[in-house]
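> My questions will all concern the structure given below.
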Amino acid sequence: MSLQNAIMKAILFRSTAVVISLVIVALFGEATLRLFGPRPVEDEKNRFCRFDHELGWAPLENVTYAEKGVLVHQNQFGLRAPDDIQLKNTSGRKRVLVLGDSYVWGFGATQEELFTARQVYRTDDELINGGVSGYGTDQEYLFYLREGQKFEVDEVVLAFTLYNDVANNLHSKQYSYLKPYFTLNAGLLVLNNDHVRDTMVRRFGRTLRRKCRVYDLCNDGVHALIKTLHKHPSNTNVVVSEADRKGIELTLAILKKLKEAVEARHAKLLVVFIPYMPRVEQHLPGNHPFAPLLAEGLTRIGISYREPYPEFLKSAIAGVDPFIPRDPHFNTAGHALFAKFVTDSDLARASIGYYAHQ
């Protein structure tokens, strides 16, 4: 028995010594990183959003972050928009609220590069950036009901990410974050959000990500490895499955409800498709295969759409890449080009009803 006790004590001593050593190393690493290490913008949903039972996550208000030439500022409404923005239209100019995910929020782009920045879109309109990174159409609809319709606008533009919005709308979790979702019951939308609950473990994890540089570095390393193993979409020959068709049906039902909500505020809804990077980079004709299916459905329910893909393809063929290297989000050139399809430009008008003429 004494031998067994001695072994247990030795194991306990060594385990304690290992834990203490790890804590010392972590504290030293934390001090070093705080003194000398930059903190990269990686998980924008954690850094610029908070848990929200109704939306899954909601943008933080009054936050500013600058690193490596990238300035991110969210105003008093949690939007990447000027601080002097008003709920009422006091200027008399046409106002457009743009809904969407990280493409609208502007992943990898500094404040002045966003297509919603006045110096980029260069018209007399007022564009309001209502993008929230990671949102699907379901969350964008809910975000509009709670926050977006507070703004007096003439038009609401929804930027639709073809390669993941349909799937997002079918799922209760996105990027490991819980989210609300809709199902169809006899043609009616049913909201499911009882599962969206905050827990002590989740709060502790978010606090570690925000406050602890060592944890942050390790978390970024894991995400970088995941991105390496599971890169952003590169499949140029997507096959539309039966599950995809059900997702498109659900998505159109959500968009129809959004249209009703927008029109109740005496505004107009239109959809702009995000060009599918893998096909653009390989100079292939035609956007993601979901685009014509969604376009047909949008036309059926009376929602106008715009298709920027041909112009993005022309840009790539001409040697002007509109995307961030090794990332599907827009670079400076991409934001400038996409701005032409959010405003009422000649290119935008020419792309309306694009698939009806193909």
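The values are calculated or read from the model by the stated rules, or taken from the named source; none is laboratory data. Quick caveat: nothing in here was measured; it's all calculated off a predicted structure. We place every Cβ from the backbone using ideal geometry, glycine too, and count neighbours over all the protein chains shown. Each accessible area value is taken on the protein alone, full model and side chains, heavy atoms only, with ligands, DNA and RNA left out. Shrake-Rupley method; radii C 1.70, N 1.55, O 1.52, S 1.80 Å.
> Count neighbours as other Cβ atoms within 10 Å of each site's Cβ, and list the trypsin sites (Lys or Arg not before Pro) in the stretch 42-76 that are DSSP loop with at most 11 such neighbours.
Loop-located and lightly packed - LYS68.
> For LYS340, what accessible surface area do you get with a 1.4 Å probe? Give it in Å², rounded to 10.
Answer for LYS340: close to 90 Å² accessible.
> Same structure again: Can you compute the radius of gyration and Dmax for the stretch 259-309, using only the Cα atoms, both in Å?
Looking at the stretch 259-309, its Cα Rg and Dmax stand at 13.3, 42 Å.
> Largest first and to the nearest Å, give the Cα extent of the stretch 36-189 along each principal axis.
49, 46, 26
> Something else now. Among THR90, GLY131, GLY100, whose Cα lies farthest out toward the positive end of the dipole of the stretch 56-136, if unit charges sit on the beta carbon of Lys, Arg (+1) and Asp, Glu (-1)?
Sorting the options by dipole projection puts first THR90.
> Still on this model: I need the trypsin sites (Lys or Arg not before Pro) found in the stretch 103-168, filtered to DSSP loop residues with at most 15 other beta carbons within 10 Å of theirs.
Passing sites in the stretch 103-168 are ARG122.
> To continue, here is another question. What residue among MET200, ALA186, LEU114 has its Cα farthest toward the positive end of the dipole of the stretch 98-201, where the charges are +1 on Lys, Arg and -1 on Asp, Glu, each on the Cβ?
Final value for the positive-end residue is MET200.
> Using amide H atoms built in the peptide plane, which far-off residues or other-chain residues are under 5 Å from PHE160 H to H?
Long-range HN contacts for PHE160: VAL272, PHE273, ILE274.
> Still on this structure: For a 32 Å ceiling on Cα separation, which of these pairs sit above it: LYS150/LYS314; LYS45/LYS256; LYS68/LYS314; LYS179/LYS268?
Checking Cα-Cα distances, LYS150/LYS314 exceed 32 Å.
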